[in-house]
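A short write-up of the structure that comes next.
Values quoted throughout were computed directly from the atomic coordinates according to the rules given, and no laboratory measurement underlies them. As the structure is a prediction and not an experimental result, all values here were calculated from the model. Note that we place each Cβ from the backbone using ideal geometry, even for glycine, and neighbour counts take in every protein chain shown.
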Amino acid sequence: MQLLIEFLKQHALAVAILVFVFASAITFSLVFIPLTAAPDFGSIDFEDDSRIIVEIANTPQKRTKGLGGRNEIQESFGMLFLFPEYKTYAFWMYGMKFPIDIIWIRDNTVVGFSEDVPVGGPLPLAKYAPDEPVNRVLEVRAGFVKRHAIDIGETLDISLQDK
């Protein structure tokens, strides 16, 4: 034991650096890795028997970026934004390269939609929001609402991936 104490006294700086590096690695893995993990997915079944796969936007970073920066999305794909509270969340089209339909959802019920929302133009960007508080918002390819005859009051079967 005495030998260990002497070693630590002589090499205190090296031990401190090792402890710092180890603590930094742990902090990095707890903070950064979850933010860059593979996206969460789920599915939504509509009353017309169609189904889409949705990427889940459930963190502030994912909700801010949304579909921005992507070139397009397929007819059978969407992005589902999950929020912890019921509010009239405003959406903008920053970085969007294609128009979309926005479907406003309270729990599993469609309460409204914004159709054929155009790509963002010069600042300030237009904002789109529901008429009533929601806790979920679905972005899909423009024209989806018309093609699938989505109605206000429609109940959606939303399945989220279990982790």
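Within segment 42-105, the trypsin sites (Lys or Arg not before Pro) that combine a DSSP coil assignment with at most 14 other C-beta atoms in a 10 angstrom radius are 70, 97.
Evaluated at q = 0.20, 0.22 Å⁻¹, the base-10 log of the normalised Debye intensity for segment 40-160, with identical point scatterers placed on the Cα atoms, takes the values -1.15, -1.44. Pairs with C-alpha atoms separated by more than 18 Å, drawn from the list 65/146; 87/146; 97/146; 65/127, are 65/146; 87/146; 97/146.
Other residues within the sphere of radius under 11 Å centred on the Cβ of residue 132, judged by their own Cβ, net out at +1 (K and R +1, D and E -1). Summing +1 for each Lys or Arg and -1 for each Asp or Glu among the other residues whose beta-carbon sits under 10 angstrom from that of residue 50 gives -3. Across segment 40-160, the relative contact order, built from alpha-carbon pairs under 8 Å that are at least six residues apart, equals 31 percent. In plain terms, the residue of 119, 137 with the fewest other Cβ atoms within 10 Å comes first and the most crowded comes last, giving 119, 137.
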